[in-house]
Amino acid sequence: MTLSHELLMQACRDRSDTVALALAGALANAAAGVIQAPSPALGLDGERFQALLAHYFPTLDSGICAQYCEGCRPLRGDEFGDLVALLLAHRSHEGEAAEWLAHAIASACMGGNHLYQDMGLPHRQALSELLNQHFTRLFQKNVGNMKWKKFFYKQLCDQAEIKVCQAPSCQVCHDYQGCFGPEDAADSLAASPAAA
């Protein structure tokens, strides 16, 4: 049985919880191969993945849990691990929920759509609110309202002291609209993970 969005929402403890919606979207898209997540378990080991499912989707059939947990181990490829580390360094609170959410966001960054879409959220504002609540300091750094996926990758490049754009400032860069323009479902799919 596939770990679908519908199945997850049926098992969801609180369908109004944005964290649950984001986790359901990332899990369903990873299971369907829509995002190239490190694993359907979002790079979590079996124990942490089962804890996530038990907390947010408590009525999910245990057979499905076992199916997706089989062989799960912590997986942190360079890019994925860097994204998780960036998010966790800016988390607003300790605990498993922030870790689960960081893994979901990093996994969704591997998709080709806008980040909010690959997380199954209805619009960019929902993602922004989620980031503001759970990763406040990182949210506050995005003073120019750069698209979130581009912003995360820019943060990683800044940490590594890699100059991404040859322009002296973002405002005069030839790709300004691609980084700061509006995001909507009608936009074409991105060609690379850092595009949305």
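The values are calculated or read from the model by the stated rules, or taken from the named source; none is laboratory data. Quick caveat: nothing in here was measured; it's all calculated off a predicted structure. Cβ: placed from backbone, ideal geometry, glycine included. Neighbour counts: every protein chain shown.
Observations on the structure shown:
- The single condition among (1) modelled with pLDDT under 95; (2) crowded, with 18+ Cβ neighbours inside 10 Å; (3) assigned to a loop (DSSP other than H, G, I, E, B); (4) not small (Gly, Ala, Ser) that residue 143 does not meet is (2).
- Taken over segment 1-22, the criterion of being surrounded by 12 or more Cβ atoms within 10 Å (Cβ to Cβ) and touching an Asp or Glu at 6+ places or on another chain (Cβ under 9 Å) is satisfied by 7, 11, 18, 20.
- Segment 8-26: number of residues that are part of a helix (DSSP H, G or I) and over 16 Å from residue 105 (Cα atoms): 3
- Residue count for segment 34-70 satisfying the condition of being small (Gly, Ala, Ser) and touching a Pro at 6+ places or on another chain (Cβ under 9 Å): 1.
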